[in-house]
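The structure under discussion appears below in the form of structure tokens.
Here, each number is a calculation from the coordinates, and none is a lab measurement. Just so it is clear, the model here is predicted, and its values are computed rather than measured. Every residue, glycine among them, receives a Cβ derived from its backbone with ideal geometry; neighbour counts consider all protein chains shown.
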Amino acid sequence: MKKITRRQFLKRTGIGVGAIALGQDVRSASAQLPAGISKEKCDVVVIGTGLAALSAALEATSQGAKVIILEKVSKDKSGGNSRLSAGVIATPSENTKEAKDGYYEDFIKISMGKGDPELTRLLADQVLDGVDWLKAQGMEFTPPIPVPRVRAKWVVATPGLFKGMPKAIEKLLDVLEKRGAKVAYETKAKELIMDTRGKVIGVKAIDSAGVKDYISEAVIIASGGYSANKEMLELWVDHDADEMMVRGVSWSTGDGIKMAHKAGAILVNMGGIATLHIAGVSPKNTAAGNPFTAIPFCIAVNKEGKRFVDESKGYVIVGKATMKQPEQKAALVFDEELKKTPGVSAAFKLFQGLGIEVIEADTVEDLASKIGTPPAALKVTVEEFNNSVKDGKALDIKPPKGANASKIMTPKFYAFYPLVPGITLTMGGIKINTTCQALEPDGMVILGLYAAGECVGGIFYDDYIGGGSLARCVVLGRIAGRKAASEKAMKKKTS
């Protein structure tokens, strides 16, 4: 069969440039994709190649299912946000009920009590087994280390932060290939296929040849969130949210979430800034350039040279507050004494290792000039802050600083600058049950449709414990893979 280009396909189907400019939702409302020019059958279709998708595919193949994975980018870009992540998985400190309960309670607390309790319990009870399972697939991890201020431990994909996940993605893809799973790269999933019972039985996708129908017993959406979809951010989250940097991949555009919604799935935790995880990051390296270990100990100032947030509350609070500052820029200011402290020192070394300049000067006024703030204003800000510091707090100033307050008065003076708000991940998405089945607004299951990873909504709210996202990926991915693979067996029993 002669291949057609994407442009030829759009012309033949009557989908013009104007329709595309209006957005996918408008286009899909006005026309359905035609029958595929080819068709391929399997037991399970998985959308995505991040850790959730690969975990799902591995579990499904281990159950004997024939799996096809759809990935809209090329092989060298596969892995989604998982590939760019720090490679941290948060686990309970021990394999005991008490430790798992503490892990559960801390996750619920940091989500302001709004995290889904049943899904959070799955993380607490199953993530340790998930890490052991990943090791059995060939992944390697550093020894566990305690997580500050919460009852959890971190394991990191070797050889370390931001270095281990590319290697891990390649390893898991290799295992899947050896098991006979197929990965269709540069193949964009566009629509779910449903039968007369309302059961999802496949996916319509577009590759270089045009539309292709992938027919299956079940579909697992594990295509990530929508941090790179400016339209969704502006409509759902905040009118300024579309201006933020994207810390992850530029193709994380909520495709799977929109497909599920069109098929009747309810979306949860989509509205408001609390549905995003935001960090103040360097625009030179949005993924790794996050001085999070330093933020609680320094002062954050805006382009006017004024403080605007209680820095002791951590990097997410500072990141979200930066979104509302002039030019959405901030500087993290500290002095020679603070530079010697562990948290600030670690961030300083991180920036040096990344080749990102840390601004320095002999006086506060000179520092202000280098970061583009009014020298007199920054001098007043620092002096007023110093005068308010007492017993490690600065409570007689607006905004007050509730902890980790130290006077900034010993040359040299430094600034991590510029720091801009960057979206780490989105927290809204498809509502699922504890077997990862997508749900309608009335709680009814959408047969044949499963979801795992960042495209799932409701687990986190406002903030989460670092390493929780990859924990969610492996736990939900495994559940979705096992359940989806069982659809074939269930069909045999009923036929």
Quiz item: Taking the Cβ-Cβ separation of D396 and I37 as r and a Förster radius of 51 Å, what is the calculated FRET efficiency to the nearest 0.05?
Solution: 0.10
Quiz prompt | Potential lengthening between E365 and K379 on full extension [0.36 nm per residue; Cα-Cα distance subtracted] | solution = 4.4 nm
Self-check item: Interatomic Cα distance distribution for region 85-173, bins of 10 angstrom, percent
Solution: 18, 45, 31, 6
Quiz prompt | Distance from region 186-242 to region 129-148 (C-alpha centre basis), Å | solution = 31 Å
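Kirkwood hydrodynamic radius of the chain from all distinct Cα pairs, in Å?
Numbers: mean 1/r = 0.0421 Å⁻¹.
Hydrodynamic radius (Kirkwood, Cα only) of the chain equals 23.8 Å.
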Self-check item: Sorted by Cβ density within 10 Å, fewest first, the residues K182, K72, K339
Solution: K182, K339, K72
Quiz item: What pairs from K109/K390; K212/K431; K75/K370 go past 32 Å between their alpha carbons?
Solution: K75/K370
Practice problem: Only helical DSSP H runs with n ≥ 4 go in: add -39500 (n - 2.57) per run for the chain, normalise by residue count and round the 222 nm mean residue ellipticity to 500 deg cm²/dmol. | Solution: -10500 deg cm²/dmol
Quiz item: Binning every alpha carbon pair distance of region 246-319 at 5 Å from zero, what are the percents per bin?
Solution: 3, 13, 17, 19, 17, 11, 9, 7, 4, 1
Quiz prompt | Radius of gyration and Dmax over the Cα atoms of region 277-423, both given in Å | solution = 13.4, 38
Quiz item: In the structure shown, do any of K284/K339; K306/K393; K171/K262 have a Cα-Cα gap over 27 Å, and if so which?
Solution: K171/K262
